[in-house]
Amino acid sequence: MDEPRRRVSVVLFDGFELLDVFGPVGLFSMIPDAIAVEMVGPSAGPVRSSLGTEVVATAGYDDAESPDIVLLPGGRGSRALVHDDAFLTWIAAWASDAQLVTSVCTGSAVLAAAGLLDGYRATSNKRAWEWATSHGTSVEWIAKARWVEDRDRWTSSGVAAGMDMATALVTTLFGSELAERMIAAAELEVHTESEWDPFAEANGLA
């Protein structure tokens with residue numbers, strides 16, 4: 001592998017969804033020579049997930065390094081986060097220079113509320129579709145999609161779709177051989193077609 005190691009900054013907030021984070025992060029941990037992961041929270045220290053489990057952030061929002069790859073999860077806490085002007089102002093500025101900005105589940109609603117998806121195609125959790133897609137001013141929301149890649153923005157559908165997106169991201173950055181080694185180490189079968197999405201139809205969106 002000749003590509004440089006990439007750094008994924010996971011943005012934690014009160015009420016984030018654990019699987020949105022640790023689905024992708026679990027995969028990235030299989031390829032530590034390619035990807036380093038850091039947790040960024042409101043401040044350095046524990047951040048409570050929607051399930052009550054706490055994850056330790058190593059940096060706070062105000063002192064986080066300029067990001068390479070941003071990953072924003074969803075979760076019940078995203079409902080409040082779209083109205084948190086201080087957070088939206090911070091992430092809009094902090095993530096603006098990132099090489100890639102990604103989200104899992106309703107994390108895309110927060111990105112949209114911050115203006116980071118304006119002019120982009122994006123998707124979100126199908127069970128929260130009406131709410132999620134009410135944010136942003138010029139987002140082209142794609143209902144039938146496991147994930148959507150649009151230039152430097154990657155957004156995925158509900159929860160486990162983040163692992164499919166993470167695999168596609170690794171394939172794009174490092175090639176299929178490394179991605180295949182990663183998912184083999186995790187004993188995971190992934191969906192490799194971004195258009196595969198039975199959940200859109202199941203929720204009356206396609």
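Structure summary
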item: Counting DSSP beta bridges with both ends in the chain, the antiparallel % (nearest 5); result: 30
item: Net charge over other residues, Cβ less than 14 angstrom from the Cβ of residue 110 (K, R count +1; D, E count -1); result: -3
item: Charge dipole (debye, nearest 20) of the stretch 48-93; +1 at Cβ of Lys and Arg, -1 at Cβ of Asp and Glu; result: 360
item: Virtual spin-label span in nm between residue 85 and residue 43, 7 Å along Cα→Cβ; result: 2.3
item: Rounded accessible area per residue of the chain, 1.4 Å, Å²; result: 45
item: Separation of alpha-carbon centers, the stretch 20-65 and the stretch 130-206, rounded to whole Å; result: 20
item: Largest to smallest accessible area among 38, 193, 149 [probe 1.4 Å]; result: 193, 149, 38
item: Computed lengthening from residue 189 to residue 93, 0.36 nm per intervening residue step minus Cα-Cα distance; result: 30.9 nm
item: Sorted peptide list for 74-84, 98-108, 176-186, criterion being average Cβ within 10 angstrom, highest first; result: 98-108, 74-84, 176-186
item: Using a Förster distance of 41 Å, the FRET efficiency for residue 202-residue 118 (Cβ separation, nearest 0.05); result: 0.90
item: Surface share of carbon and sulfur [accessible, 1.4 angstrom probe, percent] for the chain; result: 48
item: Phi-based couplings in Hz for the stretch 125-135 (Karplus 6.51, -1.76, 1.60; Gly and Pro marked x); result: 4, 6, 6, 10, 4, 4, 5, 4, 7, 7, 9
item: Charge-dipole axis of the chain as Lys and Arg at +1 and Asp and Glu at -1 on Cβ define it, positive-most pick from 186, 92, 157; result: 157
item: Simple spin-label estimate for residue 18 and residue 58 in nanometres, 7 Å along Cα-Cβ; result: 2.2
item: Relative contact order of the chain, pairs being alpha-carbon contacts under 8 Å that are 6 or more residues apart, as %; result: 19
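The values are calculated or read from the model by the stated rules, or taken from the named source; none is laboratory data. Predicted model only: the values in this text are computed from it and were never measured. Positions of Cβ are backbone-derived with ideal geometry, glycine not excepted, and every protein chain shown enters the neighbour counts. The accessibility values were calculated without ligands, DNA or RNA, using every heavy atom of the protein model including side chains. Shrake-Rupley method; radii C 1.70, N 1.55, O 1.52, S 1.80 Å.
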